[in-house]
1. Could you give the angle, 0 to 90 degrees to the nearest 10, between helix 199-211's Cα long axis and the longest principal axis of the Cα atoms of the chain?
2. Mind running the shape call on segment 163-234? Use the C-alpha gyration tensor, a ≥ b ≥ c as the square roots of the eigenvalues: rounded below 1.5 for a/c, prolate if a/b tops b/c, oblate otherwise.
3. Where Rh denotes the Kirkwood radius from the mean inverse Cα pair distance, what is Rg over Rh for segment 154-198?
4. Just the Cα atoms of the chain: what Rg and Dmax do they give in Å?
5. Charges at C-beta only: +1 for Lys and Arg, -1 for Asp and Glu. How large is the resulting dipole of segment 163-234 about its Cα centre, in Debye rounded to 20?
6. Provide, for the chain, the number of lysine pairs with alpha carbons under 29 Å apart, each pair being eight or more places apart or on different chains.
7. Expressed in nm to one decimal, what extension gain is obtained for the pair GLN189 and ARG219 from 0.36 nm per residue of sequence separation less their Cα-Cα distance?
8. Exposure proxy check: LEU186, LEU146 ranked by fewest other beta carbons within 10 Å?
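Here, each number is a calculation from the coordinates, and none is a lab measurement. What you are looking at is a predicted structure, and each value in this text was computed from that prediction instead of being measured. Cβ coordinates were reconstructed from backbone atoms using ideal geometry, including for glycine residues, and neighbour counts include every protein chain displayed.
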Amino acid sequence: MTQATISSEHNARSTVDAAKVAYLSATDLFQDMDERSLEQIERGAVMTSCHRGTVFYTPGETGEVLFILKAGRVNLYRMTAEGKKLVTTTVEPGTVFGEMSMIGQGMVDSFAEAAEDCTLCVMSRVDVERLIKEQPSVSLRLLELLANRLDAAEERLADVAYKSVPARIATTLLRLAGDDNAPVRLSHQDIADMVGTYRETATRILNELRTDGLIELNRMRIEIVRPDGLERVADELV
């Protein structure tokens, strides 16, 4: 192997490492950390990508692992006795999830599936323990992230309990579109799983919303045309 080849491979590795450090520094959990600390985390963390539809965590897997979502969305779901998928949480970028008893984070009976193409940071229990000992501020950010996730889960439970199916679908579309009203790139089945209904029901309601001029439907793409009208639907109670 020539010296030029060795130098080229070294530079390639350095580029990859720099990219991982950049990913980590842009995550809320690791904000304001100095470069040396980020490099230490980078050596223990694994960055991985998952295509949409990939199930990368299933119930019964051994070992504790913590995921930090850098880009994309992840659905955490359970399967009913009848084989129906029920999405319990949609994880947004910057969110921590996984199986880690030391921080009160669990994935009991849950699957994790990439709802979009995703970039994930994966850390072991040993790495998380060392990180918390060396960077106490991280534990505070972990608590904050977990508290936000709990609030979101409680809000979703309230929607299921008190809102009609059309209202739940409208609420979900508005949440996923965000403040910039971005297109929602999900299938009708995805929407059904997220609001706890059947695909046929979700399709019928989406078609009604289109007929009312509130949304436009394309393949794997839902655009909100009248957010104000959709918000009125979202406020409907059972």
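1. 70 degrees
2. Note, shape of segment 163-234 comes out rounded.
3. Details: Rg = 10.5 Å, Rh = 10.9 Å.
Rounded to two decimals, Rg/Rh equals 0.96.
4. 20.4, 72
5. 180 debye
6. Going through the chain pair by pair, I get 7.
7. Full extension from GLN189 to ARG219 adds 9.6 nm.
8. Ascending number of Cβ neighbours within 10 Å: LEU146, LEU186.
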